[in-house]
Amino acid sequence: MSNGRIDVKKWLFLSFALLLSLMLAACSDSSENTSSTANSGSGGEEKKEFLIGMSQANLGEPWRVAMNDQIQAAADEHPELKVVFADAAQDNSKQIADVENFIQQKVDLLIISPNEAKPLTAVVKKAYDAGIPVIVLDRKVEGDAYTQYIGGDNKLIGKKAGEYVAKVLGEKGGKVVEIKGLEGSTPQQERHDGFLEGISSNPNVKVIASQNADWLRDKAITVMENILQANKDINVVYGHNDPAAEGAYIAAKNAGREKEMIFIGIDGLPTPDGGLKAVMEGRLSATYIYPTGGKEAIESAIKILLDKEEVEKTVILDTIEVTKDNAEQVYRQFGGK
Ligand code: FRU
């Protein structure tokens with residue numbers, strides 16, 4: 001029957017139309033997935049763009065500006081990554097709100113350098129529990145509800161500084177002033193504990209004053225002014241960071257006493273106003289490289305988001321003891337200008 005021939009044609013046409021509509025449906029499905037799959041990578045098509053939220057404790061300090069710059073520079077190498085930055089201005093509540101905001105925005109990954117450990121622990125856990133990979137940088141939170149911690153070994157750095165002081169002062173020892181970082185931030189405690197361990201080999205080294213300057217140069221100037229008034233005899237100032245040591249130096253210089261003592265810091269930024277130059281120019285006697293971990297954080301983000309790899313829980317970054325003997329070489333090594 002002629003009807004039979006028409007049916008075959010009709011059948012072929014219908015099959016073709018069905019195939020075409022299936023193909024179109026598949027295409028539009030995958031394009032939707034590209035912009036909306038969750039970061040878990042489970043099931044859906046490959047995601048092409050990733051949003052990283054970076055919660056910075058405070059941008060008022062050069063070391064933190066360097067950290068953000070390194071994150072941005074490393075991310076710029078990967079067009080798939082977009083980083084949005086938030087500055088908590090040393091305010092725990094603001095940083096909690098910043099992280100809440102990133103959780104609401106459903107960022108694909110969170111990098112955080114927490115202002116203080118305890119107050120930030122819950123919100124970091126909240127992000128982590130919401131399935132957002134979390135990289136904690138430099139300062140720690142409590143517990144282990146995060147994906148990875150990256151930072152220097154602050155206890156070791158403090159210990160090296162203590163050993164340096166014990167060696168420089170020699171057997172007869174001397175009097176040390178400690179200008180500490182922000183009370184609730186973990187490097188503060190670790191740099192303090194390590195230092196005491198480092199000087200313990202020399203019982204004649206005495207810490208005669210230990211006060212907080214919250215990592216800030218200007219605060220260190222005021223703190224040191226008071227310490228200078230109360231103490232006629234000081235041999236060493238140990239600042240928990242270079243701005244603290246430089247602030248103490250300014251106060252001592254204003255009092256005409258900077259030559260009576262030596263100044264030691266931590267950070268060693270390779271910038272015109274950083275610690276390496278301060279050693280080269282003779283204001284600081286020593287500093288310790290404390291890498292920001294910005295580049296390493298982006299390397300981990302790539303592993304987690306693009307390569308879908310597991311990362312180690314903890315990455316510890318190396319330090320270098322810098323004195324006038326190696327300051328210039330280290331400055332060049334870190335691309336100082
Ligand atoms: C900047 C800073 C650095 C210091 C680090 C410790 O905020 O104070 O100078 O090494 O934080 O967390």
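The values are calculated or read from the model by the stated rules, or taken from the named source; none is laboratory data. Just so it is clear, the structure is predicted and the values come from calculations on it, not from any experiment. Reconstructed Cβ throughout: ideal geometry from the backbone, glycine too, with neighbour counts over all protein chains shown. Surface areas here come from the heavy atoms of the whole protein model, side chains and all, with no ligands, DNA or RNA. Shrake-Rupley method; radii C 1.70, N 1.55, O 1.52, S 1.80 Å.
Pairs of C-alpha atoms in the range 238-337 farther apart than 22 Å represent 40 percent of all such pairs.
Using a probe of 1.4 angstrom and keeping all protein chains present, the accessible surface of the chain works out to 49 square angstrom per residue. Normalising by residue count, the range 118-273 has a Cα convex hull of 121 Å³ per residue. More than 32 Å apart: what percent of Cα pairs in the chain qualify? Tail of P(r) above 32 Å: 41 percent of Cα pairs. Take every DSSP beta bridge whose two residues both sit in the chain; close to 5 percent of them are antiparallel. Comparing Pro79, Pro114, Pro62 in a Gaussian network model of the chain (Cα springs below 10 Å), the most mobile by mean-square fluctuation is Pro79. Dipole check for the range 132-215: with +1 at the C-beta of Lys and Arg, -1 at the C-beta of Asp and Glu, and the Cα centre as origin, the magnitude is about 380 Debye. Of all segments of the chain bounded by GluC sites (Glu not before Pro) found in a DSSP loop with no more than 15 other C-beta atoms within 10 Å, the longest spans 184-280.
Counting only protein heavy atoms and using a 1.4 Å probe, what share of the accessible area of the chain belongs to carbon plus sulfur, as a whole percent?
That fraction is 53 percent.
Normalising the average separation of contacting C-alpha pairs (under 8 angstrom, six or more residues apart) by the number of residues puts the relative contact order of the chain at 14 percent. Near Ser210, the amide H atoms lying under 5 Å from its own belong to Glu178; only residues 5 or more places off or on other chains count, and H is placed 1.01 Å from N. Computed over Cα pairs, the Kirkwood radius of the range 39-133 leads via Stokes-Einstein (1.002 mPa s, 20 °C) to a diffusion coefficient of 155 µm² per second.
Under a no-solvent Debye model with one identical scatterer per Cα of the range 248-294, what's log10 I(q)/I(0) at q = 0.27 Å⁻¹? For the range 248-294 at q = 0.27 Å⁻¹, log10 I(q)/I(0) is -0.96.
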